[in-house]
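Engineer: Below is one structure. I have some questions about it.
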Amino acid sequence: MSDTAPKATAPAPAPTKQEAQVEDRAPMGMAVRVFIYLVAVHFISAFFFLLFYLGK
């Protein structure tokens, strides 16, 4: 009888805390861009709100 079962390999070492944090987070440029877009959208919404308020 031949041994055809796959051989068990050692699991890869767990990533360090710093490596896990770097991989889990979005790139810094993307985070800045999203923040700028959110601020810009709120300013545009406030401007439209002001226009409707003044147009009454």
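Values in this text are rule-based calculations from the coordinates and carry no lab data. Because the structure is predicted, anything quoted here is derived from the model rather than measured.
Engineer: Spelling out what I want: for every residue of region 38-51, take phi, set θ = phi - 60°, compute 6.51 cos²θ - 1.76 cosθ + 1.60 (Karplus), and round to whole Hz; glycine and proline get x.
Structural biologist: Result, ordered by residue: 4, 5, 4, 5, 5, 5, 5, 4, 5, 5, 5, 4, 5, 4 Hz.
Engineer: Right, something else. Subtracting the Cα-Cα distance from 0.36 nm times the residue separation, let me have the gained length for ARG25 to PHE47 in nm, one decimal.
Structural biologist: Full extension of this stretch gives 4.6 nm more.
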